[in-house]
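Chemist: I'd like to ask you about the structure that follows.
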Amino acid sequence: MQQLSLPLNIPNTQLNRNSQFREMLTALNIKNHPGWPDKFGISIHNWFTKNSYSPIKTLSLFTGGGGLDIGFHDCGFQIVKMVELEAKYTKTLEVNSQPAKYLENSEPLCINILEYFPSPELEIDFIIGGPPCQTFSAAGRRASGVSGTNDSRGTLFYEYVRILKKLQPKGFLFENVYGIIGAENGKAWQKIKIAFQEAGYAIYHRILDAADYGVPQHRERLFIVGLKKGNYLFPAPTHGPDSVNQEPFYTALAAIKDINVSEKELGIKGKYGHLLKDIPPGLNYSFYTEKMGHPEPIFSWRSKFSDFLYKADPEMPVRTIKAQGGQYTGPFSWENRRFSIAELKRLQTFPDVYEIIGNRSVCIEQIGNSVPPQLGRILALSILEQVMGVKLPFYLQYLSPTQKLGFRQRKRQLTKRYAEKAQEAIAKLSVQSLEKLQAVSLPINSYVNQKNIEKFLSTDFGWYDLPKNNSVKIYMSYDLRKTCWLIYAGISQLEEKKSLYSIDIIPVANSQDWVLNTERVKLIARDWNLEVFTGLWKAFEEKLRQITGKADLVQLSGYYQYQPRIKMTMNFSMELKTNSIWRIVEFIIRGVGVKTQLSAQELAFLWGVNVEDIFDYLQCLRKIGYEVRNHNTNPQIIRGEYLIPYSFPTLTLKSVQFRKNLGKCTAL
């Protein structure tokens, strides 16, 4: 490595009047055109090679699709080995490490890091990478709370530390979600800092937003730089309000406008696909909520993930691209379609020529799990200059240790801006659109005194007017009054059949979200049949949707992590003499054992049953449509604990939980 003597205070934390970004482009002789990050990477790599600097031997851990590796490779870091567990991601690394490919001369290793023991002869200058982040992520928090270092994946950083101790590089860069700082009330963060310090490294950390560094995507992540010697300052933003001269963000439209897209297979179908058309760019499903002022609200406030039906704003960076999501997980294009893989690569600043191997979902996983290469480049340049002693072809500016960034405050400002956009869009809804929305809501009188209507419940929890394969016929009767909706169900025709149990549903006191024009709802069963129980809820949900436009029962009750907006009780016409599933259901409907993670022992105590029977009861609950989650369905949940989010059945064919299972009963 060619070493250059440096002045003592090389990092510049003073704000100059000129745009740092434009000075970079001028120094590298590139223009601010769509796809400029690709040219930036190529130009800085060519500059590094031309000046005959010795490559910085680098080990990549938890490589994924290679986003961080691309950024560091372009800045003279020779990625010697790439350690990645997932074979489907390793295929991408193998293709791109071939001769004349982007990461040529790198060696991908498809191996569990627990089994990776580098050779004593391996000489490494630097280590990059970040362990899987699900245990600390926002998605993890929403799924079941943060398990942090209680989850085996939350302790993978110890393997990172083990390899640091073995190879003793000059430094490392560690990336993860910022939730890691607050997990376990800060205990996990303390463990991580102590572990790195005990390995012999002084650590420096910052939460950075990728959009501040030339990425057309808002993506907040924690970065830790550890050094054996010296000090480190993080680079100052190159874009946005915190940048010198307030260089405008690289917008989503600017990033992808020269990409030709075939819209075939990029459309959004299904139950909610048509809703995307009226959502203003930058908003999500919340456009269709009462709080936003929509005349025919379909969803309740905060009842869905924030990416549900999220449409990107072409004039801004998009919100974080998720590695995994459901059918309606954005960002979606402002052209009311999915983004193509080529567009998603641009939005993550992956080079156009970099090949991502796999089907669409596997490609999105690799893109969404990666550090955007352009952010990686800026970080790599800052390390080149401060740690490796390389004089850069342009002036790089740095943040002082106490300097604060404003991206959190700007998020609050954006919320206000998009609320105003929603109001404008709602005000402009045409009379025809309102009439179309209102046509969905049939008058309540259409259902008064309907008797013995044949409905069919399928094994995938579909609710149909005509029989399907393996469906069960259920007879329904409706008496929908302003004082009470009466909904009856039975396996045979309902005349002169005694009620066996009923479920009463009322709004909680002072609820503003009870949209039904009745005081209460009563679901009445005429048979001891589990399909009848599920059918009652399906019938209620169907009427809710037809009459009010609400999407489902969750919109009436509210998301499970908030206080429920409805209160329910179950009453039997006779005393239950055995600990049957009906006793369990009665507890759940009252909210006992719901909304929080509980062990089998805790559930058995709450429900008054034998602990060895709990798993069978939970399996039965799933068969009648209840979501039941455990570590097998949601790895964020601690082994041995279970979560029932709602007091009513919510599974459908399109539910994320539908194709998951609880696995086998483990020892109690």
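Chemist: Would you list the helices (runs of 4 or more DSSP H) that sit entirely within region 543-628 and hold 1 or more residues that are closer than 23 Å to residue 462 by Cβ and in contact (Cβ under 8 Å) with a residue 40 or more places away in the chain?
Modeler: 553-557, 581-589, 614-623
Chemist: Hey, another quick one. So, in region 457-484, exactly how many residues are closer than 26 Å to residue 654 by Cα and touching a residue at least 24 places away in the same chain (Cβ under 8 Å)?
Modeler: Adding up the residues that qualify gives 8.
Chemist: Restrict the check to region 171-194 and report whether at least one residue is assigned to a loop (DSSP other than H, G, I, E, B) and either in contact with a Cys (Cβ under 9 Å, 6 or more places away or on another chain) or touching a residue at least 40 places away in the same chain (Cβ under 8 Å) (or both).
Modeler: Yes, because at least one residue in region 171-194 is assigned to a loop (DSSP other than H, G, I, E, B) and either in contact with a Cys (Cβ under 9 Å, 6 or more places away or on another chain) or touching a residue at least 40 places away in the same chain (Cβ under 8 Å) (or both).
Chemist: Report every pair of residues separated by at least 6 positions or lying on different chains whose Cβ atoms are under 7 Å apart, first residue within region 363-376 and farther than 20 Å from residue 94 by Cβ, second among the small types (Gly, Ala, Ser) and at pLDDT below 95.
Modeler: Pairs that qualify, where the first residue is farther than 20 Å from residue 94 by Cβ and the partner is among the small types (Gly, Ala, Ser) and at pLDDT below 95, are 368/323.
Chemist: Report whether or not residue 569 is under 21 Å from residue 625 (Cβ atoms) and either touching a Phe, Trp or Tyr at 6+ places or on another chain (Cβ under 6 Å) or polar (S, T, N, Q) (or both).
Modeler: So residue 569 passes the test.
Chemist: Can you give me the number of residues within region 339-368 that are surrounded by fewer than 22 Cβ atoms within 10 Å (Cβ to Cβ) and not in a helix (DSSP H, G or I)?
Modeler: Of the residues in region 339-368, 9 are surrounded by fewer than 22 Cβ atoms within 10 Å (Cβ to Cβ) and not in a helix (DSSP H, G or I).
Chemist: Another question, then. Quick one: in region 162-176, which of the residues that are buried (at least 21 other Cβ atoms within 10 Å of the Cβ) and aliphatic (A, V, I, L, M) is nearest to the chain's Cα centre (by Cα)?
Modeler: Per the criteria, the residue is 173.
Chemist: Sticking with this one: Could you identify the single residue in 381, 466 that is modelled with pLDDT of 85 or more, in a helix (DSSP H, G or I) and not β-branched (Val, Ile, Thr)?
Modeler: It is 381.
Chemist: Using beta carbons and a limit of 6 Å, which pairs, at least six apart or on different chains, have the first residue in region 634-648 and free of Cβ contacts under 8 Å to residues at least 60 places away in the same chain and the second one part of a loop (DSSP other than H, G, I, E, B) and not hydrophobic (A, V, I, L, M, F, W, C)?
Modeler: Note: pairs meeting the criteria are 639/631; 641/597; 642/630.
Chemist: Count, please, the residues in region 635-654 that happen to be in a loop (DSSP other than H, G, I, E, B), closer than 29 Å to residue 569 by Cα and not β-branched (Val, Ile, Thr).
Modeler: 9
Chemist: Right, something else. Within the set of pairs 6 or more residues apart or between chains, which connect a residue that is in the same structural domain as residue 251 (by TED's automatic domain parsing) inside region 31-44 to a residue that is hydroxyl-bearing (Ser, Thr, Tyr) with Cβ atoms less than 7 Å apart?
Modeler: Between residues of region 31-44 that are in the same structural domain as residue 251 (by TED's automatic domain parsing) and residues that are hydroxyl-bearing (Ser, Thr, Tyr), the close pairs are 37/349.
Chemist: Can you find a residue in region 210-217 that is outside the structural domain of residue 179 (by TED's automatic domain parsing) and either in a loop (DSSP other than H, G, I, E, B) or within 30 Å of residue 159 (Cβ to Cβ) (or both)?
Modeler: Scanning region 210-217 turns up no residue that is outside the structural domain of residue 179 (by TED's automatic domain parsing) and either in a loop (DSSP other than H, G, I, E, B) or within 30 Å of residue 159 (Cβ to Cβ) (or both).
This table checks each residue for (1) within 33 Å of the chain's Cα centre (by Cα); (2) part of a strand (DSSP E or B); (3) touching a residue at least 40 places away in the same chain (Cβ under 8 Å).
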| residue | (1), (2), (3) |
| --- | --- |
| 486 | no, yes, no |
| 489 | no, yes, yes |
| 495 | no, no, yes |
| 509 | no, no, no |
| 517 | no, no, yes |
| 524 | no, yes, no |
| 538 | yes, no, yes |
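Chemist: Separate question: Filter region 229-239 down to residues that are over 16 Å from residue 400 (Cα atoms) and crowded, with 20+ Cβ neighbours inside 10 Å, then give me how many there are.
Modeler: Matching residues across region 229-239 total 1.
Chemist: Tell me whether region 267-277 contains one or more residues that are of a type in the set (D, E, K, R) and farther than 30 Å from residue 428 by Cβ.
Modeler: No, there is no match, as no residue in region 267-277 is of a type in the set (D, E, K, R) and farther than 30 Å from residue 428 by Cβ.
For every residue, the table says whether it meets (1) in contact with a strand residue (DSSP E or B) (Cβ under 7 Å, 6 or more places away or on another chain); (2) farther than 17 Å from residue 373 by Cα; (3) surrounded by fewer than 24 Cβ atoms within 10 Å (Cβ to Cβ).
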{"position": "189", "(1), (2), (3)": "no, yes, yes"}
{"position": "199", "(1), (2), (3)": "no, yes, yes"}
{"position": "202", "(1), (2), (3)": "yes, yes, yes"}
{"position": "209", "(1), (2), (3)": "yes, no, no"}
{"position": "214", "(1), (2), (3)": "no, no, no"}
{"position": "220", "(1), (2), (3)": "yes, no, yes"}
{"position": "227", "(1), (2), (3)": "yes, yes, yes"}
{"position": "241", "(1), (2), (3)": "no, yes, yes"}
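Chemist: Part of a strand (DSSP E or B), modelled with pLDDT of 95 or more and not β-branched (Val, Ile, Thr), is that true of residue 205?
Modeler: Yes; evaluated as a whole, the condition is true for this residue.
Chemist: Out of region 622-643, which residues are surrounded by fewer than 18 Cβ atoms within 10 Å (Cβ to Cβ) and not β-branched (Val, Ile, Thr)?
Modeler: Answer for region 622-643, where residues must be surrounded by fewer than 18 Cβ atoms within 10 Å (Cβ to Cβ) and not β-branched (Val, Ile, Thr): 623, 632, 639, 640.
Chemist: Quick check: is even one residue across region 573-580 surrounded by 15 or more Cβ atoms within 10 Å (Cβ to Cβ) and aliphatic (A, V, I, L, M)?
Modeler: Checked region 573-580: no residue is surrounded by 15 or more Cβ atoms within 10 Å (Cβ to Cβ) and aliphatic (A, V, I, L, M).
Chemist: Scanning region 250-284 for residues that are hydroxyl-bearing (Ser, Thr, Tyr) and surrounded by 16 or more Cβ atoms within 10 Å (Cβ to Cβ), which turns out farthest from residue 551 (Cα to Cα)?
Modeler: 250
Chemist: Right, something else. Kindly provide the set of residues from region 585-630 that are touching a Pro at 6+ places or on another chain (Cβ under 8 Å) and acidic (Asp, Glu), ordered by number.
Modeler: 627, the sole residue that qualifies.
Chemist: Pick from region 504-540 the residues that are modelled with pLDDT under 95 and aromatic (Phe, Trp, Tyr): which of them is surrounded by the fewest Cβ atoms within 10 Å (Cβ to Cβ)?
Modeler: My answer is 528.
For (1) of a type in the set (Asp, Glu); (2) at pLDDT below 80; (3) under 24 Å from the mean Cα position of the chain (by Cα), each residue gets a yes or a no:
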| position | (1), (2), (3) |
| --- | --- |
| 139 | no, yes, yes |
| 147 | no, yes, yes |
| 151 | yes, yes, yes |
| 157 | no, no, yes |
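Chemist: While we're looking at this one, here's another question. Among the residues that make up region 554-561, is at least one of them at pLDDT 95 or above and closer than 26 Å to residue 479 by Cβ?
Modeler: Within region 554-561, none of the residues are at pLDDT 95 or above and closer than 26 Å to residue 479 by Cβ.
Chemist: Please verify whether residue 163 is more than 21 Å from residue 317 (Cα to Cα), at pLDDT 95 or above and among the β-branched types (Val, Ile, Thr), treating the condition exactly as stated.
Modeler: It is true that residue 163 is more than 21 Å from residue 317 (Cα to Cα), at pLDDT 95 or above and among the β-branched types (Val, Ile, Thr).
Chemist: Could you check region 310-325 and list, in sequence order, the residues that are in contact with a strand residue (DSSP E or B) (Cβ under 8 Å, 6 or more places away or on another chain), part of a loop (DSSP other than H, G, I, E, B) and of a type outside the set (A, V, I, L, M, F, W, C)?
Modeler: Listed by number, the residues that qualify are 310, 317, 319, 320, 322.
Chemist: Right, another one. Only residues that are in a loop (DSSP other than H, G, I, E, B), at pLDDT below 95 and polar (S, T, N, Q): list them for region 244-263, please.
Modeler: Listed by number, the residues that qualify are 260, 262.
The values are calculated or read from the model by the stated rules, or taken from the named source; none is laboratory data. All figures in this text were calculated on a predicted structure; none of them were measured in a lab. With ideal geometry, Cβ positions are generated from the backbone for all residues, glycine too; neighbour counts draw on all protein chains shown.
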